[in-house]
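For reference, the structure is listed below as structure tokens.
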Amino acid sequence: MATSVYRQLLHDHQALRSQSRRGDCDDNAQAESLWSRLKTEVLELRERPVFADLADAQASVAIYFDYYNHERLHSSIAYQLPYHTHQQILQLNALNCPA
């Protein structure tokens, strides 16, 4: 798909592009890691076609995101769950935030 067609499609659907800055591959490291894990832990294990339809794709990704955030331990956060780590950060921020 040509870049201009892609940009027009995003514009038509009022979607915003989310991209890293040129030359800075670490800008979006967490999101890139998530998509990489989704590909290797879910998509590559399925037979083709990967999904029966859009609803199947949406449900499968939602199930994986729930697993990724609530059950899958992450080495980058001392083998904790992202959900619990996020809750701890929110609590710390609340304690340090002047009312």
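The values are calculated or read from the model by the stated rules, or taken from the named source; none is laboratory data. Keep in mind that this is a model prediction, so the values were computed, not measured. Cβ placement follows ideal geometry from the backbone for every residue including glycine, while neighbour counts extend to all protein chains displayed.
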Margin query: For residue 66, only one of the following conditions fails: (1) of a type in the set (D, E, K, R); (2) closer than 24 Å to residue 32 by Cβ; (3) surrounded by fewer than 10 Cβ atoms within 10 Å (Cβ to Cβ); (4) modelled with pLDDT of 90 or more. What is its number?
Written below: (3)
Next item on the list: Would you please list the contacts, defined by Cβ atoms under 8 Å and residues six or more apart or on different chains, that run from a residue in segment 78-99 that is free of Cβ contacts under 8 Å to residues at least 12 places away in the same chain to a residue that is surrounded by 10 or more Cβ atoms within 10 Å (Cβ to Cβ) and outside any strand (DSSP E or B)?
Entry: 79/73; 80/73; 85/77
Check: What pairs can you find where one residue is in segment 37-56 and farther than 21 Å from residue 72 by Cβ and at pLDDT 85 or above, the other is in a loop (DSSP other than H, G, I, E, B) and aliphatic (A, V, I, L, M), and their Cβ atoms are less than 9 Å apart, with a gap of 6+ or different chains?
Finding: 56/50
Notebook entry, point to check: Scanning segment 1-36 for residues that are modelled with pLDDT under 85, polar (S, T, N, Q) and assigned to a loop (DSSP other than H, G, I, E, B), which turns out surrounded by the most Cβ atoms within 10 Å (Cβ to Cβ)?
Noted result: 28
Notebook entry, point to check: Within segment 69-99, which residues are surrounded by 11 or more Cβ atoms within 10 Å (Cβ to Cβ), hydrophobic (A, V, I, L, M, F, W, C) and touching a strand residue (DSSP E or B) at 6+ places or on another chain (Cβ under 9 Å)?
Noted result: 81
Check: Could we say that residue 60 is exposed (fewer than 13 other Cβ atoms within 10 Å of the Cβ), of a type in the set (S, T, N, Q), at pLDDT 85 or above and out of contact with any Asp or Glu (no Cβ under 7 Å at 6 or more places or on another chain) here?
Finding: no
